[in-house]
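Data first, discussion second: the structure below is written as structure tokens.
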Amino acid sequence: MAVTNNFKQNVVDLVKSFTEADKLTFQDSIVESITVDNELEKEKTVIYGVKDGDVVPIVERTEDYTMFPVADETECGTSECSMETKYTGVKWDLSLIKCKVPICLNKFDKEFLHFWNTYRKFDNNPDLDEAFLKFLGEQFKQGLENAKWRRAYFADDASSSTLLDGSNGFFTQLDAASTAGKNKITIAKNSAATATGQRMTGEEVYKLLSEMYELATYHTWFNPIKFQFEVTWTMAVAYANWLNQLGDKAPANCQCYSAEGIVKGNVYTLENLYLNGIKIIPRRAFDGVIKQIPELNGNNVANAPMVSPNRAILINNDNMLIGSSDENQISFFDIWHNKDEEKIYMRGGAYLGASIPKRKEFILAI
């Protein structure tokens, strides 16, 4: 889809004179910032040289307490005992996401071009480094990063949406490998009849994370030092607000302090949330995907119930792998001018997949 949005109706028509309009420039504008998760590659271990269908070999080492039986002291020789190692594997499931955006600068109104300190050009040498194109390029690249988070976590082969199908992401794999009461907890609020009713309170988030922690302690693979929580941004905000309201009576530990010192006590933020010493990581991408994909947000119907808007994972981050064929395929971007069409194109994409080698070592709440 081409970039065609003009700001003339939204901005220029609000001013009262040409003099005021003449002052409307990008340098004088306020650009709203957006807060997003880090690049996927900075959060997860990425394995290159992976092809779709390749197998991740897994050597399962189990604790065996059945070896070394009692021997007869009067007999010579030693009886044999069995020792087995189980080998399994998980296939890499990769998919390609990509798109391009055409831009025709001559389609924009003169006020819009003035805003960006540019003008209509009719030669074959447009300046690809001008402010407007740089701005669009940054927005395009951020959209690609967001799409990679969507692909890594929410991809689902059973989906009918081109935004989700093609492979299986972390949530789909975790759900398929989980068992209720063993490594899966059902979040009751997700069954509410409206989006408003699905919203969890901070106390409910605390109880859920505590339940996940307790369930994990029943497994020998659980190591609190290596595990982390990943939750939706909305859940993390509710949890932090609730803890701050409780103040010194907050039931969770906090590795933080106020800017004014000890006098005003601890302050819980989205950057320093812990439960029983385990880091809680808010994922803005979780909320963004759920709220923007029709298949997950109730088909864009106001206040319609969404598909599991509350989600939490307790897992070793080393057990969440991203695979791609090489470093140039995990994320690619290009911008060029097509002389025949007299348009500028931005093209980008990514070829990646998600894998959880240790299919039993996690707690999923959904």
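The values are calculated or read from the model by the stated rules, or taken from the named source; none is laboratory data. None of these values were measured; they are calculated from a predicted model. Note that each Cβ is placed from the backbone with ideal geometry, even for glycine, and that neighbours are counted across all protein chains shown. When the accessible area is computed, the model is the full protein with side chains, heavy atoms only, and any ligands, DNA or RNA have been set aside. Shrake-Rupley method; radii C 1.70, N 1.55, O 1.52, S 1.80 Å.
Some observations on this one:
- Dipole in debye (nearest 20) - segment 202-252, about Cα centre, beta carbon charges: Lys, Arg +1; Asp, Glu -1: 120 debye
- Size of electric dipole in segment 42-112: Cβ of Lys, Arg +1 and of Asp, Glu -1, about Cα centre, debye, nearest 20: 1300 debye
- Segment 289-325 and segment 134-183 have Cα centres separated by 7 Å.
- Charge dipole of segment 118-221 about the Cα centre (unit charges at C-beta), most positive-ward option of HIS219, SER191, ALA177: SER191
- Student exercise, segment 265-366 dipole from Lys, Arg, Asp, Glu Cβ charges, in Debye to nearest 20: 500 debye
- Of THR88, THR186, the residue with the largest accessible area leads and the full order is THR186, THR88 (1.4 Å probe).
- Principal axis box of segment 40-155, alpha-carbon based, largest edge first, Å: 103, 23, 22
- Only lysine pairs 8 or more places apart, or on different chains, with alpha-carbon atoms under 19 angstrom apart are counted in segment 116-229, and they number 4.
- Sorted on the mean count of surrounding Cβ atoms within 10 Å across their residues, most packed first, peptides 321-331, 144-154 read 144-154, 321-331.
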